[in-house]
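Inspection log for the structure reproduced underneath, given as structure tokens.
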Amino acid sequence: MSTIPWQDKPENSNDVMWRYSENPIIDRYAIPSSNSIFNSAVVPFGDGFAGVFRCDNKAVQMNIFAGFSKNGIDWDINHEPIVMQSGNTEMIESAYKYDPRVVFIEDRYWITWCNGYNGPTIGIGYTFDFKEFFQCENAFLPFNRNGVLFPQKINGKYAMLSRPSDNGHTPFGDIWISYSPDMKYWGEHRLVMKPTPFEDSAWQCTKVGAGPIPILTKEGWLMIYHGVINTCNGFRYAMGSALLDVDSPDKVKYRTQPYLLGPAEIYEMVGDVPNVVFPCAALHSLEEDKLAVYYGAADTVVALAFGKLSEVIQFTKENSL
């Protein structure tokens with residue numbers, strides 16, 4: 001198992017999560033064609049890490065690229081986007097790909113992303129080596145975003161969180177869960193979590209969406225998510241956490257009223273889309289009680305934040321709506 005990135009909490013910090021002092025870890029121009037690199041996914045792989053990165057080019061065409069790292073911080077991202085082969089379908093049409101997530105299940109790495117097929121929907125693919133990639137049937141009809149797989153089957157079925165949406169900058173969004181026997185046909189859709197009333201927790205009152213792959217803990221599935229408020233200056237994205245029931249993840253046991261991390265640093269507040277903290281990946285060690293969350297900052301760069309798993313869980317329970 002690769003050692004996950006880590007930096008101890010600053011002495012003057014009282015926050016449950018804290019930023020890496022050398023943020024951002026991936027600059028917007030990390031590859032020659034890129035306008036921005038953000039909202040990307042990372043997993044342990046071999047003696048290091050592999051990732052699937054959202055790289056918008058200078059025409060602002062959205063695509064996903066593979067990358068590798070020894071330490072999870074310094075990345076070598078391929079200069080050409082991922083080329084898909086046919087997986088369980090011959091229909092691999094895609095007008096764009098963005099906001100990927102990656103998870104290892106059983107014998108392969110599964111990738112989900114927002115796939116352009118007559119509007120945004122959830123694309124699914126897999127790889128064994130991050131060199132060859134195979135695209136499967138889209139999970140849902142348009143319009144949908146933020147497809148996030150659970151790392152193991154639940155009651156014998158694959159499970160995926162998603163956020164049904166519209167074709168634009170959606171002014172609404174709930175988290176749903178769906179199930180599949182085969183990673184091709186999806187159903188049994190159940191509502192998990194809605195935005196909050198403004199007066200209860202305004203940072204997440206407009207829409208919510210799942211972030212990294214959920215983490216199985218003794219207290220339930222730890223789901224890191226993003227919440228959005230629509231301000232006079234536009235949408236503001238921040239990061240929260242929830243604990244879902246292990247056997248019935250549509251049941252929310254606890255959910256943070258305050259956010260874990262919100263836009264505060266210059267690289268989070270200034271960029272192509274200001275005031276965005278958008279988590280897409282998390283590395284964790286239950287034994288070492290460590291959590292490292294990768295997030296897109298201002299839709300421009302990739303940044304990293306840390307926390308103690310036990311403290312995040314405790315914070316979620318003690319500050320729950």
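The values are calculated or read from the model by the stated rules, or taken from the named source; none is laboratory data. Bear in mind the structure is a predicted one, so any value in this text is a computation, not a measurement. Positions of Cβ are backbone-derived with ideal geometry, glycine not excepted, and every protein chain shown enters the neighbour counts. Ligands, DNA and RNA are excluded from the accessible area calculation, which covers all protein heavy atoms including side chains. Shrake-Rupley method; radii C 1.70, N 1.55, O 1.52, S 1.80 Å.
Considering only residues that are open to solvent by 10 Å² or more (accessible area, probe 1.4 Å), in contact with a Lys or Arg (Cβ under 9 Å, 6 or more places away or on another chain) and of a type outside the set (Gly, Ala, Ser), look in segment 268-282 and name the one that is nearest to residue 151 (Cα to Cα).
275
Given the options 260, 244, name the one that is without any contact (Cβ under 8 Å) to a residue 60 or more places away in the chain and surrounded by 21 or more Cβ atoms within 10 Å (Cβ to Cβ).
Details: 260 fails: without any contact (Cβ under 8 Å) to a residue 60 or more places away in the chain.
One residue alone meets the criteria, 244.
Filter segment 167-190 for residues that are touching a Phe, Trp or Tyr at 6+ places or on another chain (Cβ under 6 Å) and modelled with pLDDT of 95 or more and give the result.
At the first step, the residues of segment 167-190 found to be touching a Phe, Trp or Tyr at 6+ places or on another chain (Cβ under 6 Å) are 167, 178, 180, 183, 188-189.
Passing the criteria: 178, 180, 183, 188, 189.
For segment 155-180, give me each residue that is under 21 Å from residue 119 (Cα atoms), open to solvent by 40 Å² or more (accessible area, probe 1.4 Å) and touching a residue at least 40 places away in the same chain (Cβ under 8 Å). Steps first, please.
Start the filter on segment 155-180 by keeping residues that are under 21 Å from residue 119 (Cα atoms), which leaves 160-178.
Then keep just the ones that are open to solvent by 40 Å² or more (accessible area, probe 1.4 Å); that gives 164, 166-167, 169, 171-172, 176.
Within segment 155-180, 167, 169, 171 qualify.
Could you check segment 283-307 and list, in sequence order, the residues that are within 22 Å of residue 39 (Cα to Cα) and open to solvent by 50 Å² or more (accessible area, probe 1.4 Å)?
Across segment 283-307, the qualifying residue is only 284.
Across segment 181-199, which residue is farthest from residue 144 (Cα to Cα) among those that are open to solvent by less than 80 Å² (accessible area, probe 1.4 Å) and either in contact with a Lys or Arg (Cβ under 6 Å, 6 or more places away or on another chain) or not in a strand (DSSP E or B) (or both)?
Selected residue: 197.
Conditions tested, residue by residue: (1) surrounded by fewer than 21 Cβ atoms within 10 Å (Cβ to Cβ); (2) under 17 Å from residue 279 (Cα atoms).
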residue	(1), (2)
29	yes, no
36	no, yes
42	no, yes
49	no, no
54	no, yes
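Given the criterion under 20 Å from the mean Cα position of the chain (by Cα), among the aliphatic types (A, V, I, L, M) and closer than 17 Å to residue 101 by Cα, identify the matching residue among 52, 16. Walk me through it before giving the result.
On the way: 16 fails: closer than 17 Å to residue 101 by Cα.
Criteria check complete, one pass: 52.
As an exercise: evaluate residue 96 against (1) open to solvent by 30 Å² or more (accessible area, probe 1.4 Å); (2) more than 18 Å from the chain's Cα centre (by Cα); (3) touching a residue at least 24 places away in the same chain (Cβ under 8 Å); (4) within 26 Å of residue 302 (Cβ to Cβ) and give the number of the one condition it does not meet.
With (1) open to solvent by 30 Å² or more (accessible area, probe 1.4 Å); (2) more than 18 Å from the chain's Cα centre (by Cα); (3) touching a residue at least 24 places away in the same chain (Cβ under 8 Å); (4) within 26 Å of residue 302 (Cβ to Cβ) applied to residue 96, the lone miss is (2).
Can you pull out every residue in segment 13-48 that is outside any loop (DSSP other than H, G, I, E, B) and touching a Cys at 6+ places or on another chain (Cβ under 8 Å)? Steps first, please.
First, pick out the residues of segment 13-48 that are outside any loop (DSSP other than H, G, I, E, B): 17-19, 26, 34-45, 48.
Hits for segment 13-48 are 34, 36, 37, 39, 40, 41.
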